[in-house]
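In what follows, a structure is listed as structure tokens, so that the remarks can point back to it.
The values are calculated or read from the model by the stated rules, or taken from the named source; none is laboratory data. Predicted, not measured: the structure shown is a model, and the values here were computed from it. Neighbour counts run over all protein chains shown; Cβ positions are idealised from the backbone, glycine included. The area values use the complete protein model at the heavy-atom level, side chains included, leaving out ligands, DNA and RNA. Shrake-Rupley method; radii C 1.70, N 1.55, O 1.52, S 1.80 Å.
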Amino acid sequence: MSATHLPHPPADHREFPFSDRDFRRVCQMIHGRAGIALAPAKRDMVYGRLSRRLRTLGLADFGAYLDLLDADAHGAEWQAFTNALTTNLTAFFREPHHFERLDAQLRETGTHGGTIRLWSCAASTGEEPYSMAITACEAFGTLTPPVRIRSHRHRHQVLATAQRGVYSVERIADLDTETRRRYFQRGTGPNEGRCRVNPALQALIEFRPLNLLESRYDVGGPFTALFCRNVMIYFDKPTQRGILSRLVTQMDSASLLYTGHSENYLHAADLIQPCGRTLYRRNPAVRA
Ligand SMILES: C[S@@+](CC[C@H](N)C(=O)[O-])C[C@H]1O[C@@H](n2cnc3c(N)ncnc32)[C@H](O)[C@@H]1O
């Protein structure tokens with residue numbers, strides 16, 4: 001086979017050396033920072049995305065780049081590192097503190113208000129809405145909690161992955177045994193290495209397409225909890241403001257907006273106000 005037919009350049013033809021140790025360090029660092037567990041199969045992706053950072057910074061190798069990050073836990077490069085690696089990535093129970101807060105919110109809301117509506121507005125391949133569904137089942141102690149979850153993914157993204165609810169077992173390796181047993185079925189035979197979410201979770205979720213740049217959202221709010229995480233990083237501030245002005249139309253005074261680890265909306269305090277770690281409420285001055 002000629003070199004042009006190889007899917008990836010062989011390691012020794014790469015611009016920067018990238019050792020097992022470098023990859024392990026990257027995995028530990030991004031897991032600590034963003035809760036993303038990178039599978040070994042993501043090694044080429046990691047190389048591709050981070051080598052751009054090395055080039056931009058004029059560094060000779062990954063060791064120097066990772067040392068630079070290690071040397072300053074609050075350095076600006078962490079943002080670029082996290083964004084480079086997490087674009088389009090997601091994970092079950094990513095940013096676990098959000099699911100603890102959601103659990104508390106669901107228990108506080110209880111069953112008095114009828115069906116509780118939740119929204120995952122940029123759900124990617126579905127791990128986020130399924131994590132919300134599992135949280136609801138645990139909060140109410142049943143596979144049929146009084147919860148409906150709207151889950152939107154970008155119009156360009158294939159619908160099937162989230163809706164089918166089939167994942168590689170690596171995706172759930174970090175979950176505790178009981179969660180895996182209750183909410184996932186392991187494939188056997190030709191489906192070895194894969195798992196399927198419990199159909200009871202799928203029954204709680206409606207999957208739809210949505211482009212957040214659309215001028216109005218017809219999504220069925222207000223929602224008790226809105227998850228809009230790790231998507232605003234793609235947009236400039238005026239675009240973020242436009243999206244937030246539409247998101248608040250889906251909120252009431254009790255709604256909580258859950259945002260990503262690196263998203264900050266101090267520039268939109270007239271629309272939403274911080275009320276916890278990466279959590280916001282609608283500004284009371286915003287008219288319903
Ligand atoms: C990094 S993933 C975040 C997934 C999940 N919210 C999480 O935090 O794990 C970003 C998602 O935003 C979606 N996205 C990007 N631009 C979008 C847009 N204009 N409208 C809706 N979704 C968009 C991408 O398709 C991707 O699924």
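Away from the ligand (no atom under 16 Å from the Cβ), within 24 Å of residue 135 (Cα to Cα) and in contact with a helix residue (DSSP H, G or I) (Cβ under 6 Å, 6 or more places away or on another chain): which single residue out of 180, 281 fits that description? Answer to the selection: 180.
In the stretch 105-117, of all residues being surrounded by fewer than 20 Cβ atoms within 10 Å (Cβ to Cβ) and not β-branched (Val, Ile, Thr), the one that is modelled with the lowest pLDDT corresponds to 113.
The residues of the stretch 99-128 that are in contact with a Leu (Cβ under 8 Å, 6 or more places away or on another chain) and near the ligand (Cβ under 10 Å from one of its atoms), listed by number, are 121, 122, 124. When the strands (runs of 3 or more DSSP E) confined to the stretch 213-278 are screened for residues that are of a type outside the set (S, T, N, Q), open to solvent by less than 20 Å² (accessible area, probe 1.4 Å) and within 11 Å of the ligand (Cβ to nearest atom), those reaching at least 1 such residues are found at 225-228, 256-259.
Do the conditions hold for residue 206, that is, is it over 26 Å from residue 145 (Cβ atoms) and of a type in the set (Asp, Glu)?
No; evaluated as a whole, the condition is false for this residue.
I'm trying to understand the selection: among the residues of the stretch 118-154, which are open to solvent by 30 Å² or more (accessible area, probe 1.4 Å) and over 17 Å from the mean Cα position of the chain (by Cα)? Correct list: 138, 140, 141, 142, 143, 144, 146, 148. When the stretch 62-112 is limited to residues that are β-branched (Val, Ile, Thr) and assigned to a loop (DSSP other than H, G, I, E, B), the one that is farthest from the chain's Cα centre (by Cα) turns out to be 111. Restricted to the stretch 113-179, the set of strands (runs of 3 or more DSSP E) holding at least 3 residues that are farther than 22 Å from residue 87 by Cα comprises 116-120, 147-153.
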